[in-house]
Each structure stands twice: as structure tokens, then as C-alpha cells.
Amino acid sequence: EQEKKVIVLLRGYVPQETYTTGVGTKNAAAVFAQAGYITLAPDFFGFGGSDPQPENSWVERFEKPITVIELLKTIEMNGVPLANSKRVPVNTLGMWAHSNGGQIALTTLEILKKPIPTTLWAPVTAPFPYSVLYFSDEHEDEGKATRKWIALFEQDYDVFLFSLTQHLDNLQGPLQIQHGDKDDSALATWSQEFMEKIPKEIESQLII
């Protein structure tokens, strides 16, 4: 069996109550499939047909890169399972991510310290916890609970340890970011500022 190319797709934020498998990834997956790639997109815990998510909201947030790492390692070690129970070995592995999925992808790359080709569409690259606070005004309480939640977190933890912008020296590239300049959900200026922070020796490209 010929070795295959695999793209792992990471979606952006979708409310749990309206989520169905493929939301946020199926269109990109179709294009990659036409180009000969196998595509895999995790639902994440609590979404689609996956296992329930943890009750601890911090664990729920921080476990997502670990879930992606487990998926990547499984693909590397065991290949991709097919419907006929066979497994196809993989020789090319990359990631595509959108919005909050971009934050997850970047965190994954920083943890692994491996050159996994990655393309991000309108990623959330703002520092933590601003990356959370920015969206909190969309809640019914206009972010009151989120601000309290983060204040309690900062009493016990150094937020720099949890911010992807503080670990950019772990990125290996290649990395491509595409961002529409009219995006008012994830701001294009975030991507511009993020690219300026990336060490120059890392292969990267920004398309606005």
C-alpha cells in the first residue's frame, strides 16, 4: 500500500449545543481530499460523539493540545485506520487550523518542538489571558464571570507559562498564516504582531 499524506484539521469555536461533526472543517477537508490528502478532524471532548468533557473548565481548555498531540503521535506510530481494518502508513503529516484552532495548533507545535507544516486561517494569536477576555463581552454577563475566573487563576499561576506568545522559540516551522483584514472576530493585527515576534530563523509567511 502506497504511503499517504495526512492533514489534521482543528476547528474554531463552535457552541456545544449547535455543534455537529465536521462544522468548521468539512469545507477545507473536501479541498484537501481532492488534492489527495487524508483528513482527520477531532471533535474534542464533549462535542459530537466524543466522550464527555472534564468538569474542570481549566482542564477542558488546556487539554486540547494534548488531545491533538495524542492524535499526531498515533498517526505517526500506527498510520491511519481504514474501513477494511487495514492501516495506511503516513509519510507526510501537516496541520490546518482556524481561529481558536490556530491557538491550539500553535500550542501543540510549541510543546512538540517539531517542524510539522502548518497553515492557520485567522488564528487567535493574542497573549493569554487576553485571548480569552477579548471574547468575554459576548456572554450574557458581559464577561463578569470570566474576569473573576481569570483573576482567581492568576493568584496561583504565572500566566506566562500558559501563553503561546511566551514560547515562540519552540516553534520549528514551516508556518503559514492567512488572515482577512476585515475580520472582526480574530483581528488581522494579531497575526501581524505575532509574526513580528516569531524568531527570524523560523520559516514563516503571512498573507493578509
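The values are calculated or read from the model by the stated rules, or taken from the named source; none is laboratory data. Note that this is a predicted model, so its numbers are computed, not measured. Counting neighbours? That spans all protein chains shown, and the Cβs are built from the backbone with ideal geometry, glycine included. In case anyone asks, the SASA skips ligands and DNA or RNA and just uses the protein heavy atoms, side chains included. Shrake-Rupley method; radii C 1.70, N 1.55, O 1.52, S 1.80 Å.
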Worksheet item: Size of the chain along its principal axes in angstrom, Cα-based, largest extent first?
Response: 55, 41, 33
Worksheet item: If you add up the charges near residue 100, with Lys and Arg at +1 and Asp and Glu at -1, over every other residue whose beta carbon is less than 11 angstrom from its beta carbon, what do you get?
Response: +3
Discussion item. Please compute the per residue accessible area over the chain with all protein chains in place, 1.4 Å probe, rounded to a whole number of Å².
Written reply: 57
Worksheet item: What translational diffusion coefficient, in µm²/s and rounded to a whole number, does the Stokes-Einstein relation yield for the range 95-204 at 10 °C and a viscosity of 1.306 mPa s, taking the hydrodynamic radius as the Kirkwood radius over Cα pairs?
Response: 109
Worksheet item: Using 7 Å Cα-to-Cβ label points, what is the residue 21/residue 111 separation (nm, one decimal)?
Response: 2.3
Practice prompt. Return the sequence-ordered ³J(HN,Hα) values of the range 29-38 in whole Hz as given by the Karplus equation 6.51 cos²θ - 1.76 cosθ + 1.60 applied to θ = phi - 60°, using x for Gly and Pro.
Written response: 4, 5, 5, 5, 4, 5, 8, x, 8, 7
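Given the Cα-Cα distance of residue 139 and residue 196 and 0.36 nm per residue of separation, how much length would full extension add, in nm? It would help to have the intermediate numbers written out before the result.
Details: separation 57, 0.36 × 57 = 20.52 nm, distance 3.15 nm.
Additional length available on full extension: 17.4 nm.
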Worksheet item: When the helices in the chain are scored as -39500 (n - 2.57) per DSSP H run of 4 or longer and the sum is shared across all residues, what 222 nm value do you end up with, to the nearest 500 deg cm²/dmol?
Response: -10000 deg cm²/dmol
Worksheet entry | Highest-first arrangement of 96-109, 61-74, where packing means the average Cβ count within 10 Å | 96-109, 61-74
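Taking all protein chains in place and a 1.4 Å probe, what share, in percent, of the accessible surface of the range 69-208 do carbon and sulfur account for?
Summing carbon and sulfur atoms, their accessible area is 51 percent of the total for the range 69-208.
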Discussion item. Rounded to whole Å, give me the distance from the Cα center of the range 1-47 to that of the range 155-191.
Written reply: 21
Fill in: Extension gain (nm, one decimal) between residue 91 and residue 63, 0.36 nm per residue minus Cα-Cα
7.4 nm
Worksheet item: Relative to the longest principal axis of the chain, what angle (0 to 90°, nearest 10) does the C-alpha long axis of helix 64-78 take?
Response: 10
Item to complete: Determine the alpha carbon to alpha carbon distance for each of 4/114; 64/144; 4/200; 113/182 and list only those over 28 Å.
Response: 4/200; 113/182
Worksheet entry | residue 176 versus residue 83: modelled label distance in nm, points set 7 Å from Cα along the beta carbon direction | 3.1
Discussion item. Net charge around residue 187, counting only other residues with Cβ within less than 13 Å of its Cβ (Lys, Arg = +1; Asp, Glu = -1)?
Written reply: -3
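Tell me whether the range 1-59 comes out rounded, prolate or oblate; compute the Cα gyration tensor, take square roots of the eigenvalues as a ≥ b ≥ c, and use a/c under 1.5 as the rounded threshold.
prolate
Could you calculate the contour length gain from residue 168 to residue 149, that is, 0.36 nm times the residue separation minus the distance between their Cα atoms, to one decimal place in nm?
Net length gain for the segment: 4.2 nm.
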